[in-house]
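The values are calculated or read from the model by the stated rules, or taken from the named source; none is laboratory data. On a predicted model such as this, the values are computed, not experimentally measured, just so you know. We place every Cβ from the backbone using ideal geometry, glycine too, and count neighbours over all the protein chains shown. Side chains are part of the model used for accessible areas, which takes the heavy atoms of the whole protein and leaves out ligands, DNA and RNA. Shrake-Rupley method; radii C 1.70, N 1.55, O 1.52, S 1.80 Å.
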Amino acid sequence: MKQVFRVLQIAFTYIGTVVGAGFATGQEILQFFTQYGKWATITITLSTMLFVWLGTKMMLIAHDTRSRSYEDLNKHLFGHKAGKWITWITLIVLIGVNSVMLAGAGSVFMEHLGLHYQTGLIITLIGTYLLLGRGMQAILQMNSIVVPMMLLLSLLMIFSTLHHPGVFRFVTLTTDSNPFQVWISPLLYTAFNLALAQAVLVPVGNQIRHRNTLKWGGILGGIGVGFMLMAAHFAMSAQMPGIVQFEIPMGSIAFQLGWIVQSVYVSLIFMEIFTTFVADIYGMTLQLRQHIDVHPRLITLVIMMLCYSFSQFGFSSLLSVLYPIFGCMALFWAGKLIRDRWGTFRGRNNMN
C-alpha cells in the first residue's frame with residue numbers, strides 16, 4: 001500500500017510540474033493543439049505517448065546514473081563540456097520561465113481577487129521559501145493535494161461539454177495550417193515541457209529508491225498529463241472559433257459553470273502556478289549547490305529575487321521571447337534522451 005501511495009505521489013508531482021501558467025489558462029493547449037482542429041486528438045495522443053515514455057525514461061536514467069540534478073543528467077547525455085553549457089542555458093531559461101509564472105500569479109491576484117499585483121508576487125515568494133525548507137517531501141505532498149483537484153475539474157469540464165451543441169466539434173473542426181505545423185507542435189510541446197521538468201524529475205529519480213515505483217509513477221503521470229490535455233481540448237473545441245478571443249480560454253468555460261466552479265478554477269490556476277514554481281526553484285537550487293558552497297536557503301533566496309526582478313516586465317512579453325528559443329533547443333535535447341541506452345524499463349541487473 002505504501003508503494004502505491006508513493007507511485008501516486010510521483011505521478012501527481014509529474015503532472016503538477018508540467019502543468020503551469022500556460023497549461024492552466026488553456027493558452028498552450030489552444031496554440032499547440034486545439035487550433036489544428038480534428039488532428040489535435042491524434043497529436044495529443046502522440047504527445048501523451050511521449051510524456052509516458054520520455055518522462056519515465058528521464059527519471060530512470062537519473063536513478064541509474066545517480067544524477068543529483070539536471071546538470072548531472074545533461075553531462076551524461078551530452079558529455080561533460082557540452083552538458084555544462086546546456087545546463088547553464090537551461091538555468092537561464094528556467095529563471096525566465098519561472099519569472100513568467102510568478103508574473104502570472106501576480107495577475108491572478110490582481111484580476112480575480114482585487115489585490116495588488118505586487119501582493120500576489122510577495123505571497124507566492126514567501127510561500128515558496130517556507131515550503132522549500134521541507135525539501136522534496138513538501139513538493140510530493142503539495143502535488144498530492146492540488147493535482148487530484150485539477151483532475152476532478154477536468155472531469156467536470158468534460159461532463160459539462162457533453163450537453164453543449166458543439167460537443168462533436170473536436171472531430172469535425174478543420175484547419176488551414178500546413179501539415180508541418182500540425183505534426184511539429186506535439187513534438188515541440190512535449191520536448192519543451194520535459195526539458196523544463198528535468199529540474200524536478202531528475203531529483204525525484206535520484207531520491208526514490210525503487211525503480212518500479214519510478215516507472216509506474218512516470219507512466220501514470222504521463223497518462224494524467226495526456227488526460228488533462230484531451231479534456232481541455234474537448235471542452236475548448238466545442239466553443240471554437242469564438243474561444244480564441246479570450247486570453248484565458250479555460251476561464252471562459254469555467255465562468256459559464258457558476259461562481260463556485262469559477263472560484264475553484266481561479267484558486268487552481270494559482271495553485272498550479274505555485275506548485276510548478278516551487279518545484280522548479282528546488283531543482284535550480286540543487287543544480288547551483290554543486291557549484292556554490294553556501295547554504296541552499298541563500299541560493300533559493302537569490303533565485304527567487306531574480307525571478308521577482310524579471311517578473312516586473314509582465315506576463316506576455318517574457319512568454320513570447322523565451323518559449324520559441326528554448327523550444328528549438330528542447331527538440332535537440334529530447335533527441336539525445338531518446339537515443340540514450342540507459343533508463344530502459346527493464347533496468348540493469350545491479351539496480352533496485
Residue count for region 97-118, restricted to those that are touching a Leu at 6+ places or on another chain (Cβ under 9 Å) and open to solvent by 10 Å² or more (accessible area, probe 1.4 Å): 1
Residue selected from region 1-53 under the condition assigned to a loop (DSSP other than H, G, I, E, B) and open to solvent by less than 20 Å² (accessible area, probe 1.4 Å), by the criterion modelled with the highest pLDDT: PHE33
Residue identified as open to solvent by 10 Å² or more (accessible area, probe 1.4 Å), farther than 27 Å from PRO148 by Cβ, in a helix (DSSP H, G or I) and of a type outside the set (A, V, I, L, M) among LYS84, LYS57: LYS84
Residues (without any contact (Cβ under 8 Å) to a residue 12 or more places away in the chain and surrounded by 13 or more Cβ atoms within 10 Å (Cβ to Cβ)) located in region 164-197: ILE184
Region 33-56: number of residues that are touching a Ser or Thr at 6+ places or on another chain (Cβ under 8 Å), over 17 Å from ASN193 (Cβ atoms) and not small (Gly, Ala, Ser): 4
Contacts under 9 angstrom Cβ, first residue in region 43-60 being closer than 19 Å to GLY16 by Cβ and of a type outside the set (Val, Ile, Thr), partner open to solvent by less than 10 Å² (accessible area, probe 1.4 Å) and not in a helix (DSSP H, G or I), 6 or more apart: SER47/PHE33; MET58/GLY343; MET59/GLY343
Output for region 167-204, where each listed residue is assigned to a helix (DSSP H, G or I), out of contact with any Leu (no Cβ under 7 Å at 6 or more places or on another chain) and among the hydrophobic types (A, V, I, L, M, F, W, C): PHE170, VAL171, PHE180, VAL182, TRP183, ILE184, PHE192, ALA195, ALA197, VAL200, LEU201, VAL204
Qualifying residue in region 257-279 (condition: at pLDDT below 75 and either aliphatic (A, V, I, L, M) or farther than 20 Å from MET110 by Cα (or both)): yes
Residues that are within 20 Å of ILE338 (Cβ to Cβ) and touching a Lys or Arg at 6+ places or on another chain (Cβ under 9 Å), drawn from region 194-209: VAL202
MET284 touching a residue at least 40 places away in the same chain (Cβ under 8 Å), open to solvent by 50 Å² or more (accessible area, probe 1.4 Å) and under 18 Å from THR17 (Cα atoms): no
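Out of SER144, SER177, I need the residue that is modelled with pLDDT of 85 or more and not basic (Lys, Arg). Which one?
On the way: SER177 fails: modelled with pLDDT of 85 or more.
Answer to the selection: SER144.
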Boolean, ARG339 is closer than 30 Å to ARG211 by Cα, more than 17 Å from the chain's Cα centre (by Cα) and at pLDDT below 75: no
